[in-house]
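Working notes, structure below.
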Amino acid sequence: MPISRETAQPTVWIVTDGKAGDLAQCVGVADALGFAREIRQVAPRPPFSWWLPFGPTDPREWESRPGSPLTPPYPDIAIASGRRAAGYLRRIRHRSGGRTFTVFLKDPRTGPNAADLIWVPEHDSLRGRNVLVTPTSPHRFSREKLRDLRSLSAPEIDRLKKPRVAVLVGGDSRHHKFTEDDQLRLLNGLRGLAEEETAGLMITASRRTPPALAYGLASLAKSGGHLYWNGTKPNPLGLYLARADAIVATADSTNMIGEAVATGKPVHVFHPNGGHNKINRFLGNLQRLGAIHPFPGPLKTTTYEPIDATPVIAERILADYAAFRRQQEQANCLTDVHPDLPDLNERPEADRH
């Protein structure tokens, strides 16, 4: 259910460059607010895309240009994510005369003054009075959505053996590489899970999954009577998460693991070659909370209280936005009584780009 509000619904923009992970986080938070939202996708050209978040936005996308993603009227709340979007959020903040409440998800790289409210995961170092910190990232799979998905008819899942295990496979990234040995180790671990635990597997791969590994996963599913999503619509990830008794996820994606621990089901993490200190801290926090376990390893089925940052972020936005509006109203009253005073809602003209 959407978070309750006593005031008229604010307008909301989601601002990203279209990257799937950034967009999913923003959509998850906006949906938790329960307000109508518009997606404004930016696409700066080089060299502007190279300079962001520090440099100017692409003039082709300024609000006065036809088809601009920043075409007014400006929203009451703007939620952005991704380094390119950070510059555009700054422009919205300035061009709205400071009347848009700005939210940035993840470290904007330009400090805590980049937005009125910033969210970062616990393993990031940014801190400040306006910085909200949680163990995991926001996502689209709220407790209510997972409950609704459990109630849907899904014969292809119902016929699987129990326990049912959702398998979320990422792929090569800046910090991880699935070597041939890694791929074999993952496939053998999943075969053991299916045979020794008599588990039914619900497997998803990503665009980053190495082709040989994707082929191996599809073959495993076909030969063992399991499910494998081949990338065609609709995406069954939500159903897999909702119906899983346990989850296997690869360590290359903190977003994927964040979605998994929102279910309250045990998450078994497979580590490919590589790593990063931030990801290690993220996984260490979840391990201390009892949410994750190593894979390959014994299958756990004990549950825990779901770890979900999304409603926490939404509640903080509502509280800070309410305070922001009160401050604006007080400033407007003061200006009405003393018309010679400057408009206190106006922000300094620190950045016209």
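The values are calculated or read from the model by the stated rules, or taken from the named source; none is laboratory data. Here the structure is a predicted model, which is why all the values come from computation and not from measurement. Counting neighbours? That spans all protein chains shown, and the Cβs are built from the backbone with ideal geometry, glycine included.
Look through segment 6-41, keep the residues that are among the β-branched types (Val, Ile, Thr) and touching a Pro at 6+ places or on another chain (Cβ under 6 Å), and return whichever of them is nearest to Arg207 (Cα to Cα).
Val29
Return only the number of the condition from (1) at pLDDT below 95; (2) loosely packed, with under 15 Cβ neighbours inside 10 Å that His123 does not satisfy.
Condition not satisfied by His123: (2).
Is one or more of the residues making up segment 255-266 surrounded by fewer than 22 Cβ atoms within 10 Å (Cβ to Cβ) and under 14 Å from Leu168 (Cα atoms)?
yes
Looking only at residues that are surrounded by fewer than 16 Cβ atoms within 10 Å (Cβ to Cβ) and basic (Lys, Arg) in segment 301-327, which one is farthest from Asp252 (Cα to Cα)?
By that ranking, first place goes to Arg326.
Here is a yes/no grid of residues against (1) farther than 28 Å from Gly258 by Cβ; (2) of a type in the set (A, V, I, L, M); (3) touching a helix residue (DSSP H, G or I) at 6+ places or on another chain (Cβ under 8 Å):
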| residue | (1), (2), (3) |
| --- | --- |
| Asp17 | no, no, yes |
| Ser49 | no, no, yes |
| His94 | yes, no, no |
| Arg99 | yes, no, yes |
| Val103 | no, yes, yes |
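Checking Arg159 against (1) within 12 Å of His271 (Cα to Cα); (2) out of contact with any helix residue (DSSP H, G or I) (no Cβ under 7 Å at 6 or more places or on another chain); (3) free of Cβ contacts under 8 Å to residues at least 60 places away in the same chain: exactly one of these is not met. Which one?
Among (1) within 12 Å of His271 (Cα to Cα); (2) out of contact with any helix residue (DSSP H, G or I) (no Cβ under 7 Å at 6 or more places or on another chain); (3) free of Cβ contacts under 8 Å to residues at least 60 places away in the same chain, Arg159 violates only (1).
Would you pick out the residues in segment 273-288 that are out of contact with any Phe, Trp or Tyr (no Cβ under 8 Å at 6 or more places or on another chain) and surrounded by fewer than 16 Cβ atoms within 10 Å (Cβ to Cβ)?
Gly275, Asn277, Lys278, Asn280, Arg281, Gly284, Gln287, Arg288
Being under 19 Å from the mean Cα position of the chain (by Cα), without any contact (Cβ under 8 Å) to a residue 40 or more places away in the chain, in the same structural domain as Ala331 (by TED's automatic domain parsing) and closer than 22 Å to Val29 by Cα is true for just one of Val103, Val131. Which residue is that?
Val131
Which one of these does Ala199 not meet: (1) touching a Leu at 6+ places or on another chain (Cβ under 7 Å); (2) surrounded by fewer than 20 Cβ atoms within 10 Å (Cβ to Cβ)?
(2)
How many residues, within segment 304-353, are outside any helix (DSSP H, G or I), of a type in the set (Lys, Arg) and at pLDDT 60 or above?
0
Which ones in segment 141-156 are surrounded by fewer than 19 Cβ atoms within 10 Å (Cβ to Cβ) and either more than 15 Å from Thr310 (Cβ to Cβ) or within 19 Å of the chain's Cα centre (by Cα) (or both)?
Hits for segment 141-156 are Arg143, Glu144, Lys145, Asp148, Leu149, Arg150, Ser151, Leu152, Ser153, Ala154, Pro155, Glu156.
If you go through segment 175-202 one residue at a time, how many are in contact with an Asp or Glu (Cβ under 9 Å, 6 or more places away or on another chain) and either assigned to a loop (DSSP other than H, G, I, E, B) or on the phi > 0 side of the Ramachandran plot (or both)?
Residues meeting the conditions: 3.
Being surrounded by fewer than 21 Cβ atoms within 10 Å (Cβ to Cβ), among the charged types (D, E, K, R) and in contact with a Leu (Cβ under 9 Å, 6 or more places away or on another chain): is that true of Asp172 here?
No; evaluated as a whole, the condition is false for this residue.
Would you kindly identify the helices (runs of 4 or more DSSP H) lying entirely within segment 1-119 that contain at least 1 residues that are surrounded by fewer than 21 Cβ atoms within 10 Å (Cβ to Cβ) and hydroxyl-bearing (Ser, Thr, Tyr)?
48-51
Going through segment 249-268 one residue at a time, which ones are more than 19 Å from the chain's Cα centre (by Cα) and not in a loop (DSSP other than H, G, I, E, B)?
His268, the sole residue that qualifies.
Out of all the residues in segment 269-287, is one or more outside any loop (DSSP other than H, G, I, E, B), of a type in the set (Gly, Ala, Ser) and modelled with pLDDT under 95?
Yes, the conditions are met somewhere in segment 269-287.
For segment 206-223, name all the residues that are modelled with pLDDT of 95 or more and either touching a helix residue (DSSP H, G or I) at 6+ places or on another chain (Cβ under 8 Å) or assigned to a loop (DSSP other than H, G, I, E, B) (or both).
Thr209, Pro210, Ala212, Leu213, Gly216, Leu217, Leu220 - these are the residues of segment 206-223 that are modelled with pLDDT of 95 or more and either touching a helix residue (DSSP H, G or I) at 6+ places or on another chain (Cβ under 8 Å) or assigned to a loop (DSSP other than H, G, I, E, B) (or both).
For Arg129, are the conditions met, namely being closer than 18 Å to Ala323 by Cα and surrounded by fewer than 16 Cβ atoms within 10 Å (Cβ to Cβ)?
Yes.
So which residues in segment 289-299 are surrounded by fewer than 18 Cβ atoms within 10 Å (Cβ to Cβ) and modelled with pLDDT under 95?
Leu289, Gly290, Gly297, Pro298, listed by residue number.
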